[in-house]
Amino acid sequence: MSDCSEILFFEELDSTNLYLKQNYQHLADNTLVIAGMQSAGRGRLGRKWVSPANCNIYASLLVKNVHDLNLVGAIVGLAGLATVKEFAPKLKAYIKWPNDIYVGKAKLAGILSESCELKQGKITAVACGIGININSAEDDFKSINQAATSLFCETKIKFNLDFFRKRLAFFTNRYYIMYLNNYSLFFREWVTANKLIGQELSLIGADGVTHFGKAIAIAPDGGLVLREKKLMADESAVELNFSSSASENSPIVSEAGQISKKYSDSKSPEGIDVGEDELQKIGMPESGSEKYDSNGRGEVNSQEVTLLEEDSVENIYYCGDVSVDKSSIDFDKLF
Ligand code: BTN
C-alpha cells in the first residue's frame with residue numbers, strides 16, 4: 001500500500017489546516033501536510049493549539065471525497081490512534097467521542113476538521129487536522145486549563161518524530177481508503193475505539209448547556225446517544241405543585257455543573273399561568289436562581305431540596321465536549 005497521494009513537510013507553518021484551506025485547489029485529494037512547528041496552531045472553539053518546534057505532531061489531511069461529514073475527522077483520529085498504539089503498545093489510549101484521543105482523563109491528541117470548499121451548500125473539501133502530544137513534558141501543559149498528556153509523559157521515552165510521521169502517513173492513507181471503500185468496517189473500528197460508551201458522562205452542547213447522562217450508544221450517523229435523567233422537584237420538599245410538564249420544568253445545567261430549574265413556564269397549582277413576579281410573591285426565587293448539584297441536591301429558600309429522578313430521555317448529540325471528570329471510571333476495565 002502506498003502512503004498518502006502526497007506528503008508535504010514544512011519546518012514551520014502558521015497552521016497545517018490553514019495551509020490546506022488556502023491551497024486545496026492546487027492539491028490532490030489525500031494530501032497530508034505536516035509541520036515541524038506551527039506559529040498559529042488552531043484548536044476547537046477558536047482556541048489556540050500550542051505547537052512548539054520539533055516536539056509534537058502537527059498534520060492535516062485534505063479530504064475531497066466527503067461522503068460523511070460527521071465522521072470525516074475520524075480518519076485522522078483512527079490513524080493517530082493506530083500510530084500511537086504502534087509506538088506505545090501498552091498505552092490504554094482511546095477515542096473520546098467525537099474525536100479526541102485520550103489516555104485516562106487526559107488529552108493526548110486533538111482533532112479539528114475545517115471546511116475548505118462549499119459548493120451549492122455542500123462541503124466538498126475538508127482539512128482534517130490532528131495534533132498529537134509526543135515529546136512534551138508535564139511542565140509544558142501548565143498553561144493549558146485542561147488535563148493533557150503526551151507519549152513522553154506516559155512512557156518516559158522520547159520518540160523519533162520522523163518515524164512517527166511516516167507511520168502516521170501510512171495509517172492516514174489506510175483509514176482514508178477504508179472510509180471511502182469500506183465504510184461499515186471504518187465505522188465499526190471507530191465505534192470500538194470509543195471506549196466511553198456505557199459510562200456516565202457530562203456533555204457541554206454547542207449552546208453551552210451541560211447534559212448529564214449515560215452514553216448508551218453511537219448512532220449510525222455518528223451521533224452520541226445520551227440517556228439523560230429527567231429531574232423534577234420533590235413536591236413535598238418545596239411544598240409547591242407544578243402542573244406544567246416535565247420539559248417545561250426541566251433543569252438547565254451550567255458549565256460549573258450546577259442545575260438551575262427553569263420556572264419561566266411554571267403554572268400555579270390551579271393551573272393558572274404565573275409569571276416571574278407572581279412566582280416571587282408565592283415564595284419562589286427568580287428563574288434560574290436555584291442551584292442544584294449534579295445529583296439534584298440544592299437549596300430553595302434555605303430549605304434543602306433534592307430533585308427527584310423521574311425517568312430518562314434519550315437524546316442524540318452531534319457535537320459537544322464530553323467530560324468524565326466527575327465520574328470514577330476504572331479505565332483499566334475499558335480495554
Ligand atoms: C482541539 O482543540 O482539540 C483540536 C486541536 C487540533 C490541532 C491540530 S495541529 C494540526 C492542525 N493544524 C491546526 O492549526 N490545528 C490542527
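Would the range 145-192 count as rounded, prolate or oblate if I go by the C-alpha gyration tensor, calling it rounded below 1.5 in a/c and otherwise prolate when a/b exceeds b/c, oblate otherwise?
Numbers: a/c = 3.38, a/b = 1.67, b/c = 2.02.
It comes out oblate by the Cα gyration axes.
Could you order peptides 88-94, 115-121 by the average number of other Cβ atoms within 10 Å of their residues, highest first? Please list the in-between numbers first.
Numbers: 88-94: 15.3, 115-121: 11.3.
Going by the mean number of other Cβ atoms within 10 Å, highest first, we get 88-94, 115-121.
Among rounded, prolate and oblate, which fits the range 49-134 when a ≥ b ≥ c are the square roots of the eigenvalues of its C-alpha gyration tensor, a/c under 1.5 means rounded, and a/b larger than b/c means prolate? Kindly include the intermediate steps, with their values, before the conclusion.
On the way: a/c = 2.46, a/b = 1.81, b/c = 1.36.
Because a/c hits 1.5 or more and a/b exceeds b/c, the range 49-134 counts as prolate.
Considering only protein heavy atoms and a 1.4 Å probe, what is the carbon-and-sulfur percentage of the accessible area of the range 6-193?
Numbers: 4320 of 8290 Å².
Result for the range 6-193: 52 percent of the exposed heavy-atom area is carbon or sulfur.
Rank-order 49-57, 313-321 by packing density, defined as the average count of other C-beta atoms within 10 Å over each peptide's residues, highest first. Please list the in-between numbers first.
Working: 49-57: 18.8, 313-321: 15.9.
Order by mean packing, descending: 49-57, 313-321.
Local charge sum around PRO220 (other residues, Cβ-Cβ under 13 Å, Lys/Arg +1, Asp/Glu -1)?
Working: positive: ARG188; negative: ASP68, ASP221.
Within the 13 Å Cβ shell, the charges total -1.
Taking the Cβ of GLY41 as the centre, find all other residues whose Cβ is under 10 Å away and add up their charges (Lys, Arg: +1; Asp, Glu: -1).
Values: positive: ARG42, ARG47, LYS48; negative: ASP14.
Result for the neighbourhood of GLY41: +2.
Checking the a/c ratio against 1.5 first, then a/b against b/c, what shape does the Cα gyration tensor give for the range 83-192? Show your work: numbers first, answer last.
Values: a/c = 1.93, a/b = 1.55, b/c = 1.24.
It is prolate, given that a/c is not under 1.5 and a/b is the larger ratio.
So what's the net charge close to LYS333: Lys and Arg +1, Asp and Glu -1, counting the other residues with Cβ under 12 Å from its Cβ? Walk me through the intermediate numbers first.
Values: positive: LYS92, LYS195; negative: ASP330, ASP332.
Once positives and negatives cancel, what remains is 0.
Amide H neighbours of ASP14 under 5 Å, at least 5 residues apart or on other chains, H built in the peptide plane: list them.
The answer is SER39.
The values are calculated or read from the model by the stated rules, or taken from the named source; none is laboratory data. Please read all numbers here as calculations on a predicted model, not as lab measurements. Quick reminder, even Gly has a Cβ in these numbers, built from the backbone with ideal geometry, and neighbours come from all protein chains shown. Surface areas here come from the heavy atoms of the whole protein model, side chains and all, with no ligands, DNA or RNA. Shrake-Rupley method; radii C 1.70, N 1.55, O 1.52, S 1.80 Å.
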